[in-house]
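Right, one structure below, let's go through it.
Derivation of every value follows stated rules applied to the coordinates shown; laboratory data play no part. On a predicted model such as this, the values are computed, not experimentally measured, just so you know. Here the Cβ is made from the backbone with ideal geometry for all residues, glycine too, and neighbour counts use every protein chain on show.
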Amino acid sequence: MLDRAGMLLPLVLYLGLIMGIAVWGSKVAQKESGTKGFMEEYFLGSRSMGGFVLAMTIIATYTSASSFIGGPGVAYNLGLGWILLSMIQVPTAFLTLGVIGKRFALVSRRANTVTFSDFLRARYKSDFVVVLASLAIIVFFMASMLAQFIGGARLFESITGYSYQSGLLIFGLAVIIYTTIGGFRAVVLTDAVQGVMMIIASIAILGAVVAAGGGVANIMESLRAVDPALLSPQGPNNAIPKPFILSFWVLVGFAILGLPQTTQKALGYRDSKSLHNAMIIGTFVVGFTMLTMHLVGAMGRAVVPGIKIGDLAVPTLTIELLSPFWAGIFIAGPLAAIMSTVDSMLIMVSAAIVKDLYFHYVAKNKAELLPPRKVKIMSTLVTGVVGILVFLAALKPPALLVWINLFAFGGLEAVFFCPTLFGLFWRRANSTGAICSMLFGCGAFFWFNITKTSIAGTTAIVPTLALTTIVFVLGSYFGKPESEEKLRVFDL
Amino acid sequence: MQGGLLLTRREKIKAINKETCVVLLLYAIFFAWWYLTAYGLGGGDPAEYKFVFGFPAWFFYSCIVGYIGISLLLWIVIKLFFKDIPFDEEEENDA
């Protein structure tokens with residue numbers, strides 16, 4: 001009993017710290033007056049992010065429950081090959097920021113865009129594109145948030161022994177409260193702390209595994225004794241064939257250029273210097289967390305063999321190898337990853353509802369129809385209510401949302417990849433192309449997944465992206481070109 | 001107007017395009033290194049692997065050296081080639 005309480009102590013202290021930072025952040029924020037000023041602060045932090053915070057918040061959106069639990073769990077079963085696969089994510093931070101970072105910064109200031117959908121509106125001048133984008137964001141993000149909540153609560157249950165519900169209550173409410181109170185600024189500030197927490201947690205558990213196994217050489221020798229293929233890039237029974245690893249590369253190493261969670265962050269940083277620093281720090285930290293956590297999984301097999309379910313590998317190792325206090329510190333790591341993934345999505349869903357849909361279509365973009373006081377109450381309320389809805393859903397997960405989540409990551413890429421990149425790089429791109437590719441991309445991704453149609457051994461994302469690109473180009477040539485004058489802000 | 005201090009729209013775009021090319025090149029280098037060392041050194045029979053610091057050589061070079069290498073390379077490249085582009089004050093000296 002005492003042990004379990006000892007585990008909770010660091011966790012509760014940590015959550016207290018996070019809440020404190022969020023409240024402090026929202027107090028420090030310059031008080032924005034006016035409806036648009038408030039929205040720019042609440043949904044975008046008034047474009048004030050520095051390099052370290054930008055790096056951490058980008059990382060936080062990539063590293064979720066799966067980086068701490070699912071991924072290492074697979075590495076436990078398949079060995080070093082799965083670490084190879086995870087390491088393809090190393091350059092993603094600098095790829096995303098390097099390719100779209102400065103372009104987004106310029107465009108978003110010229111066109112005064114606050115949300116990612118604003119960006120699409122500025123580029124395609126189409127209500128249909130914006131509504132489609134907002135709906136995709138709301139549905140896919142709510143499904144992903146739900147999955148993150150479930151993952152976190154299960155992890156909490158398996159490590160501490162307290163119930164699923166109490167875990168959900170502790171960290172679920174924490175993330176909802178600080179996001180609701182502090183908006184985007186609280187999201188990115190807490191992400192920075194959460195990122196540091198993830199690093200500390202991964203070092204703690206890796207150190208424990210290497211020490212318990214008697215050093216790296218010893219551990220590799222034990223793994224070889226279990227199955228030499230655990231040391232190979234392709235894994236036991238060729239479990240990680242090349243077409244698979246390359247599909248995974250497309251999914252997490254390339255198509256993430258279109259992921260709205262990260263593009264939204266590219267709207268909100270301060271200056272070039274912040275971006276440069278974020279590229280360097282982001283790359284270093286993504287690689288570090290991926291490498292250490294997956295090594296924990298793969299090497300853990302030599303230290304605590306015989307764990308049947310992959311998802312239980314990391315929780316079991318934590319309980320076996322760490323003292324209750326350190327286990328409490330460790331569990332804060334994956335919970336940090338989860339909370340920092342959820343908070344970004346929560347604020348974006350709220351922005352989609354309040355700014356992109358309500359303010360634009362119901363209040364007709366007129367600040368008089370939505371005075372500052374009202375927009376403030378409404379934004380806070382919407383953020384809170386969406387959070388609570390997801391929280392309640394996680395108590396008794398609805399099958400449909402859990403199912404949608406399986407396709408959320410790839411689905412978002414399928415929907416947004418072409419409109420984002422062609423929008424930046426191809427002047428002929430227009431709303432016809434965007435609408436066709438968004439609808440087709442979403443449909444095709446679900447179809448390839450459900451029918452399990454595989455082309456040359458690849459997974460659904462590869463043929464989907466290839467086809468949406470074709471659809472986008474064809475659609476754009478069928479439609480009318482956007483007028484040169486409107487494209488002026490996209491002079492890149 | 002501070003004349004020479006501010007970049008014109010055209011100059012900014014040129015700098016951004018150059019930086020994008022550098023980023024894509026770095027990405028290609030990382031990908032090639034990651035792929036070639038992993039399957040080049042690790043493609044054979046695991047019984048014949050060489051080990052470096054306890055790790056199989058392919059893993060050490062692909063996942064550890066590749067990761068640290070790209071982090072350092074990126075740092076150098078950004079310090080050398082990346083321009084401090086102002087995002088705000090552009091309309092005043094726009095042609």
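Quick notes on this one:
- Cβ-Cβ FRET estimate between A:S163 and A:W447, R0 fixed at 30 Å, reported to 0.05: 0.15
- Cα→Cβ-extended label distance, 7 Å offset, between A:V362 and A:F478, nm: 3.4 nm
- Per-residue average of Cβ from other chains inside 10 Å of A:98-104: 6
- Ascending count of other beta-carbon atoms within 10 Å, so fewest first, for A:D343, A:D227: A:D227, A:D343
- Over chain A, all Cα pairs binned in 20 Å intervals from 0 give whole-percent P(r) values of 24, 57, 18, 1, listed from short to long.
- Along chain A, longest interval not containing exposed trypsin sites (Lys or Arg not before Pro), exposed being DSSP loop plus at most 13 other Cβ atoms within 10 Å: A:32-307
- Mean Cα-pair separation over length for region A:436-486, i.e. relative contact order, pairs under 8 Å, 6 or more apart, %: 45 percent
- Separation of region A:370-424 from region A:311-350 is 22 Å, based on Cα centroids.
- A crude spin-label estimate for the pair A:E485 and A:V402, with each label 7 Å from Cα along the Cβ direction, gives 5.5 nm.
- Modelled label positions at B:A32 and A:A217, each set 7 Å beyond Cα in the direction of Cβ, lie 3.5 nm from each other.
- Neighbours of A:V130, meaning other residues whose beta-carbon lies under 9 angstrom from its beta-carbon, give a summed charge of -2 when Lys and Arg score +1 and Asp and Glu score -1.
- Gyration tensor verdict on region A:342-492 (Cα atoms; rounded if a/c is under 1.5, prolate if a/b is larger than b/c, oblate otherwise): oblate
- Relative contact order, percent, region B:36-84 [alpha-carbon distance under 8 Å, six or more residues apart]: 32 percent
- As a ratio to 2.2 N^0.38 Å, the alpha-carbon radius of gyration for region B:36-84 is 1.54.
- Folded to 0 to 90 degrees: helix A:127-160 orientation relative to chain A principal axis, Cα: 20 degrees
- The order of A:S166, A:S340, A:S64, going from fewest to most other C-beta atoms within 10 Å of their C-beta, is A:S166, A:S64, A:S340.
- Using the Cβ-Cβ distance between A:A5 and B:I68 with R0 = 51 Å, the FRET efficiency computed as 1/(1 + (r/R0)^6) comes to roughly 0.80.
- Net +/- balance of residues flanking A:I69 in space, Cβ distance below 13 Å, scoring K and R +1, D and E -1: -1
- Max mean-square fluctuation residue, GNM over chain B, Cα-Cα springs under 10 Å, options B:F31, B:F53, B:F82: B:F53
- Neighbourhood charge, 12 Å Cβ-Cβ cut-off, centred on A:A186 and excluding it, Lys, Arg +1 and Asp, Glu -1: -1
- Exposed-site-free run, longest, chain A (rule: GluC sites (Glu not before Pro); DSSP loop; at most 15 other C-beta within 10 Å): A:1-483
- The residues A:T263, A:T96, A:T63, A:T380, when put in order of fewest to most other Cβ atoms within 10 Å, stand as A:T380, A:T263, A:T96, A:T63.
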